[in-house]
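Engineer: Sending over a structure as structure tokens; questions will come in a sec.
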Amino acid sequence: SGAKPISHSQITRLYSRFTSLDKGENGTLSREDFQRIPELAINPLGDRIINAFFSEGEDQVNFRGFMRTLAHFRPIEDNEKSKDQNGPEPLNSRSNKLHFAFRLYDLDKDDKISRDELLQVLRMMVGVNISDEQLGSIADRTIQEADQDGDCAISFAEFVKVLEKVDVEQKMSIRFLH
């Protein structure tokens, strides 16, 4: 049995969520449409997450693209863990969730999270109540702990290793439908 397909009623609910966000009523969403979603508006990484919905150079996303990006956040059901090993990996698999998270940090897309990139994300997450010096030492410590090949950056493999014990499946689930 493959991953549980998204049900017709879920698609209908997502579609009505999509059309309610589509203020221009043109069948696509702009970044502004996403910024009206309260959960994203208050999320420090909201802008990064919104960017993930848009292909390179695009400023609109259609329903299909919306669904594809949301699929990364679907919680993994227990019955999906024993899925067909030869089938394509579902978008909400652990490894795809980790890739998605990694890309929120790796802004220049060089497949490494540099100290600067890490600092930017930390700054967004903690706001202004921590000094640059403190943030810098958090970034340095994080890289020091994760960096195994000594290049002072975090590769995807190193990122995965750090998050080995983190329940990514649950933490990276947005229940858009409940």
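The values are calculated or read from the model by the stated rules, or taken from the named source; none is laboratory data. Computed from a predicted model, the values in this text were never measured in an experiment. All Cβ positions, glycine included, derive from the backbone under ideal geometry; neighbour counts span all protein chains shown.
Engineer: Picking from ILE50, ILE42, ILE113, which residue would you name as being within 26 Å of TYR15 (Cβ to Cβ) and either in contact with an Asp or Glu (Cβ under 8 Å, 6 or more places away or on another chain) or at pLDDT 90 or above (or both)?
Structural biologist: Sole residue among the options that is within 26 Å of TYR15 (Cβ to Cβ) and either in contact with an Asp or Glu (Cβ under 8 Å, 6 or more places away or on another chain) or at pLDDT 90 or above (or both): ILE50.
Engineer: Another question about this same structure. Give me a count of the residues in segment 53-90 that are of a type in the set (Ser, Thr, Tyr) and modelled with pLDDT of 85 or more.
Structural biologist: The qualifying residues number 2.
Engineer: Still on this structure: Within segment 1-47, how many residues are closer than 23 Å to ILE76 by Cα, charged (D, E, K, R) and within 19 Å of the chain's Cα centre (by Cα)?
Structural biologist: The total comes to 1.
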